[in-house]
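The structure appears right after this line, and notes come after that.
The values are calculated or read from the model by the stated rules, or taken from the named source; none is laboratory data. The shown structure was predicted, so the numbers you read here are calculated from the model rather than taken from an experiment. Please note: Cβ atoms are built from the backbone with ideal geometry, for glycine as well, and neighbour counts cover all protein chains shown.
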Amino acid sequence: MVSSKPFRKRGQLHITETIAVLFIFFILIVFAIIFYYQYQKVSLKEKQQELLGKRAVETTLKTIFLPELICSRGDAEPEDNCFEVSKLEKAGGLIQQHTVDYYFNIFSYANITVQQIYPENEAKICCTYTKEITKTISDGKVVPGWSNRETSLFVVTLKEDRFEGEPSYGFGYLKVEVYS
Amino acid sequence: MSLRDIIVRGRKSGQMELIGLVIIVILITLGMLFMAKFSLSGPSEKKIFTRQGLAYSTISTLMKTTVNDPSCIPGLSARPLQLNGDLLEDCATHFPPGPYSDSDFSCNNKHSCNYLQQDLIPLLLDGTLGSWNKGYEFKVTLLRSTDSTPVPVLDLISASGGCQNRERDASDSSINTDAGLVQGVLYICD
């Protein structure tokens, strides 16, 4: 009579081996899923940041070509990267007055400022547009409600028609902050 | 057990091993593809666009800037002097600065080249690019004739170092003067 014990033992060994291989295989799959999830999470965050960056650039371009600020030359083409100081001084009030009904559709939630660097003795900051995302907390306080902020900086000329026939050109920059 | 059974079982286990090997190869390939995707992703378009736009706007604004300093033209009423048209041209015409080479304008009692190199341009570039932690290099060269070698007239480098061996963008501007062609190049790097 032939004993079946060695065969049974060999079968058990095979089953254990298969279970071990499957176990390792599933662990690998779980690792891959975790890795992919983390990767997707990071790439989604990056994509959000990229979209916000794109909005910052678009807002900068809109501001640079805003007729309320750009240096005009009569019927001729306006000057590149240039703001008129007299227009800037007047535009601040006008933009604040029409933030909700007009400018919000153009700039959305953003903070736009122009800073003069040169001439130094007249260095000034001009606030053109401010609309931040806010939220009211339990005690009635209004706090910033944005989770992401992207800043875009651009160097601009500040034209001042101070001299007879010869305008002076200052040096400054435009700072655009967008929120989401 | 017959010889045929042993051969069939051996063939089956060989096939299983082959499938295992294929799975391992597929997993390794997938891993390598992921790694390649991570390492080959270049700088974002926004970053490049911003740097290019910034280089262009900075050099065009810089060249357009006017100086309203009465000390630049002693005895005359202050009129705005263009950095590009007046001061840079004056610097190139009276280059190199020295005891026997006085420039027409003497802003802050300095030769035009020294005033641009030491006072005005560092003030403008450090106040903007420098304060935003951007590296920059601003070089102005003078080409006296078509077959001569360009002479460096101005050379400014940011406090954080130059843009050599760094990801950079450039924009240039040139003017024709009596002394020759004056070419300015601005490099901006992160």
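Structural remarks
- B:Asn108 exposed (fewer than 15 other Cβ atoms within 10 Å of the Cβ), closer than 28 Å to B:Glu167 by Cβ and either within 14 Å of another protein chain (Cβ to nearest Cβ) or under 22 Å from the mean Cα position of the chain (by Cα) (or both): no
- Looking across segment B:123-140, the residues that are in contact with a Phe, Trp or Tyr (Cβ under 7 Å, 6 or more places away or on another chain) and within 14 Å of chain A (Cβ to nearest Cβ) come down to B:Leu123, B:Leu124, B:Leu125, B:Thr128, B:Leu129, B:Tyr136.
- Unique match (being at the interface with another protein chain (Cβ under 8 Å from one of its Cβ atoms), at pLDDT 90 or above and not in a loop (DSSP other than H, G, I, E, B)) among B:Leu62, B:Leu27: B:Leu62
- Search result, residues across segment A:34-54 that are more than 10 Å from chain B (Cβ to nearest Cβ) and touching a residue at least 40 places away in the same chain (Cβ under 8 Å): A:Gln48
- Cβ pairs under 8 Å, 6+ apart, first in segment B:97-116 and over 15 Å from B:Ser71 (Cα atoms) and part of a helix (DSSP H, G or I), second at pLDDT 80 or above and among the polar types (S, T, N, Q): B:Cys113/B:Ser103
- Comparison of A:Phe31, A:Phe7, A:Phe23 shows that the only residue that is surrounded by 10 or more Cβ atoms within 10 Å (Cβ to Cβ), assigned to a helix (DSSP H, G or I), out of contact with any Phe, Trp or Tyr (no Cβ under 6 Å at 6 or more places or on another chain) and more than 11 Å from chain B (Cβ to nearest Cβ) is A:Phe23.
- A Cβ distance below 7 Å, combined with a sequence gap of six or more or placement on separate chains, defines the contacts here; from segment B:125-146, residues that are touching a residue at least 12 places away in the same chain (Cβ under 8 Å) reach residues that are among the basic types (Lys, Arg) and exposed (fewer than 15 other Cβ atoms within 10 Å of the Cβ) in the pairs B:Gly135/B:Arg166.
- Qualifying residue in segment B:113-122 (condition: among the charged types (D, E, K, R) and either more than 13 Å from chain A (Cβ to nearest Cβ) or touching a strand residue (DSSP E or B) at 6+ places or on another chain (Cβ under 6 Å) (or both)): no
- Enumeration of residues in segment A:149-180 that are touching a helix residue (DSSP H, G or I) at 6+ places or on another chain (Cβ under 8 Å), assigned to a loop (DSSP other than H, G, I, E, B) and within 14 Å of chain B (Cβ to nearest Cβ): A:Asp161
- Checked against the criterion of being under 30 Å from A:Gln115 (Cβ atoms) and of a type in the set (A, V, I, L, M, F, W, C), the candidates A:Leu22, A:Leu28, A:Leu61 yield just one match: A:Leu61.
- Residues (in contact with a helix residue (DSSP H, G or I) (Cβ under 8 Å, 6 or more places away or on another chain), touching a residue at least 40 places away in the same chain (Cβ under 8 Å) and part of a helix (DSSP H, G or I)) located in segment B:84-96: B:Asn84, B:Leu88, B:Cys91
- Candidate set from segment B:38-59 (those that are modelled with pLDDT under 80, in a helix (DSSP H, G or I) and more than 9 Å from every other protein chain (Cβ to nearest Cβ)); member that is surrounded by the most Cβ atoms within 10 Å (Cβ to Cβ): B:Ile48
- Hits in segment A:149-180 (condition: out of contact with any strand residue (DSSP E or B) (no Cβ under 7 Å at 6 or more places or on another chain) and surrounded by fewer than 14 Cβ atoms within 10 Å (Cβ to Cβ)): A:Asp161, A:Glu164, A:Gly165, A:Glu166
- The residues in segment B:142-189 that are acidic (Asp, Glu) and buried (at least 16 other Cβ atoms within 10 Å of the Cβ) can be counted, and the count is 1.
- Screening the candidates A:Glu68, A:Glu79 for the property of being of a type in the set (Asp, Glu), facing another protein chain (nearest Cβ under 9 Å), under 29 Å from A:Ser152 (Cα atoms) and touching a residue at least 12 places away in the same chain (Cβ under 8 Å) yields one hit, A:Glu79.
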